[in-house]
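Novice: Pasting a structure here, questions to come.
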């Protein structure tokens, strides 16, 4: 009976994760379709996301004094500044490098997290992780080596890739800070972050450039309510139910959906060099997420084993 309940829990978590990733993969399409600047999009996202998350937090009973210490508020605010920078940079990358390539470059975030882990927590990098890092770097070199004919915006492609990489870095910074908030409900952290985003971006919003017609507001409203409020609930609900390996596996739905949306919504075609580079980056990210080991040649492995035996003697 307990096994059946556990299986149902995992099945429910898998459905939540799949829906969250399917929705997340469409955000680039909505950002570009809205026709707004990255600052305007993120500001409206925060403005609409904050009340949505506030309702969720109240419903879950998370707005309590014991949950809102100065330490929690300070760390969540620092993480919020990083996540707001992450959103602005990623959205800026979409119109310059295409949704597909910006998303692929953004998926270097596991390696940013590994490097920051070494610097902040003095974690060790395994030989396999270092090898996957090399594979990702090779993929990145192929991604940025493209012909002018396939550029999303002539003269802006490399800048867009740079923005996507910077976005990945700030996401990793936010993740490192969030690690120090263990025990704090993620919905509450997200509420603090988007509330801070309203304050940070208010001076940079171009009010007169906000949409004058309905459809762009539908795009922005969807980003604010669905991609920020609903996705957070689904995503964190799934993470609590699923094994880590399954969470990592299902997260790759996101870049695939983004690439498909880019192809069908905007007719973006990729050069074969970009496709190979994208495949290498996603393969390397999967290798790190799943802990895949790149086997050493037998002779090297045998010699290492011999050295280890001699040392133990």
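The values are calculated or read from the model by the stated rules, or taken from the named source; none is laboratory data. In this text the structure is predicted, and so the values were computed from the model without any measurement. Cβ coordinates were reconstructed from backbone atoms using ideal geometry, including for glycine residues, and neighbour counts include every protein chain displayed.
Novice: For the range 44-78, name all the residues that are under 25 Å from residue 112 (Cβ atoms) and either under 19 Å from the mean Cα position of the chain (by Cα) or touching a residue at least 40 places away in the same chain (Cβ under 8 Å) (or both).
Specialist: Answer for the range 44-78, where residues must be under 25 Å from residue 112 (Cβ atoms) and either under 19 Å from the mean Cα position of the chain (by Cα) or touching a residue at least 40 places away in the same chain (Cβ under 8 Å) (or both): 45, 46, 49, 72, 75, 76, 77, 78.
Novice: Can you name the number of the only condition in (1) over 18 Å from residue 132 (Cβ atoms); (2) over 24 Å from the mean Cα position of the chain (by Cα); (3) at pLDDT below 85 that residue 273 fails?
Specialist: (2)
Novice: To continue, here is another question. Would you confirm whether any residue within the range 79-86 is in a helix (DSSP H, G or I) and free of Cβ contacts under 8 Å to residues at least 24 places away in the same chain? Step through it out loud before you land on a result.
Specialist: To start, the set of residues in the range 79-86 that are in a helix (DSSP H, G or I) comprises 79-86.
Keeping just the survivors that are free of Cβ contacts under 8 Å to residues at least 24 places away in the same chain gives none.
No, that holds for no residue.
Residue by residue, here is whether (1) in contact with a strand residue (DSSP E or B) (Cβ under 8 Å, 6 or more places away or on another chain); (2) closer than 18 Å to residue 280 by Cα; (3) surrounded by 23 or more Cβ atoms within 10 Å (Cβ to Cβ); (4) at pLDDT 85 or above holds:
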| position | (1), (2), (3), (4) |
| --- | --- |
| 57 | no, no, no, yes |
| 64 | no, no, no, yes |
| 93 | no, no, yes, yes |
| 99 | no, yes, yes, yes |
| 124 | no, no, no, no |
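Novice: Among the candidates 206, 213, 184, 126, which residue alone is more than 19 Å from the chain's Cα centre (by Cα) and within 27 Å of residue 71 (Cα to Cα)? So that I can check it myself, show each step before the final result.
Specialist: Values: 206 fails: within 27 Å of residue 71 (Cα to Cα); 213 fails: within 27 Å of residue 71 (Cα to Cα); 126 fails: within 27 Å of residue 71 (Cα to Cα).
Exactly one residue qualifies, and that residue is 184.
Novice: Could you tell me which residue of the range 154-169 is modelled with the highest pLDDT, considering only residues that are in a helix (DSSP H, G or I) and more than 22 Å from residue 110 (Cβ to Cβ)?
Specialist: Initially, the range 154-169 is screened for residues in a helix (DSSP H, G or I), giving 157-169.
Checking the rest, the ones that are also more than 22 Å from residue 110 (Cβ to Cβ) come to 157-159.
Working: 157: 84, 158: 85, 159: 90.
The selected residue is 159.
Novice: Applying the selection to the range 197-213, what residues are more than 30 Å from residue 18 (Cβ to Cβ) and either assigned to a helix (DSSP H, G or I) or at pLDDT below 85 (or both)?
Specialist: Of the range 197-213, the ones more than 30 Å from residue 18 (Cβ to Cβ) are 198-213.
Residues satisfying the conditions are 198, 199, 200, 201, 202, 203, 204, 207, 208, 209.
Novice: Condition first: more than 16 Å from residue 224 (Cβ to Cβ) and surrounded by fewer than 20 Cβ atoms within 10 Å (Cβ to Cβ). Now tell me which residues in the range 186-198 satisfy that. Please lay out each step first, then the result.
Specialist: Start the filter on the range 186-198 by keeping residues that are more than 16 Å from residue 224 (Cβ to Cβ), which leaves 186, 188-189, 192.
Residue satisfying the conditions is 186 alone.
Novice: Quick test of your reading of the structure: residue 218 fulfils all but one of (1) modelled with pLDDT of 95 or more; (2) surrounded by 15 or more Cβ atoms within 10 Å (Cβ to Cβ); (3) within 13 Å of residue 36 (Cβ to Cβ). Name the failing condition by number.
Specialist: So residue 218 meets the others, but not (2).
Novice: Could you list all residues from the range 231-246 that are within 24 Å of residue 188 (Cβ to Cβ), assigned to a helix (DSSP H, G or I) and over 13 Å from the mean Cα position of the chain (by Cα)?
Specialist: Initially, the range 231-246 is screened for residues within 24 Å of residue 188 (Cβ to Cβ), giving 231-242, 244.
Those left that are additionally assigned to a helix (DSSP H, G or I): 231-241, 244.
Of everything in the range 231-246, those that are within 24 Å of residue 188 (Cβ to Cβ), assigned to a helix (DSSP H, G or I) and over 13 Å from the mean Cα position of the chain (by Cα) turn out to be 233, 234, 236, 237, 238, 239, 240, 241, 244.
Novice: Still on this model: Go through the range 1-14 and count every residue that is touching a residue at least 12 places away in the same chain (Cβ under 8 Å) and either at positive phi or surrounded by fewer than 21 Cβ atoms within 10 Å (Cβ to Cβ) (or both). Quick ask: steps written out before the conclusion?
Specialist: At the first step, the residues of the range 1-14 found to be touching a residue at least 12 places away in the same chain (Cβ under 8 Å) are 9-10, 12-14.
Subset that is either at positive phi or surrounded by fewer than 21 Cβ atoms within 10 Å (Cβ to Cβ) (or both): 9-10, 12, 14.
Residues in the range 1-14 being touching a residue at least 12 places away in the same chain (Cβ under 8 Å) and either at positive phi or surrounded by fewer than 21 Cβ atoms within 10 Å (Cβ to Cβ) (or both): 4 in total.
Novice: Sticking with this structure for a sec: Applying the selection to the range 221-257, what residues are modelled with pLDDT of 85 or more, closer than 21 Å to residue 288 by Cα and buried (at least 21 other Cβ atoms within 10 Å of the Cβ)?
Specialist: Passing the criteria: only 255.
Novice: Do you know which of the residues in the range 95-123 that are within 18 Å of the chain's Cα centre (by Cα) and part of a loop (DSSP other than H, G, I, E, B) is nearest to residue 158 (Cα to Cα)?
Specialist: The qualifying residue nearest to residue 158 (Cα to Cα) is 98.
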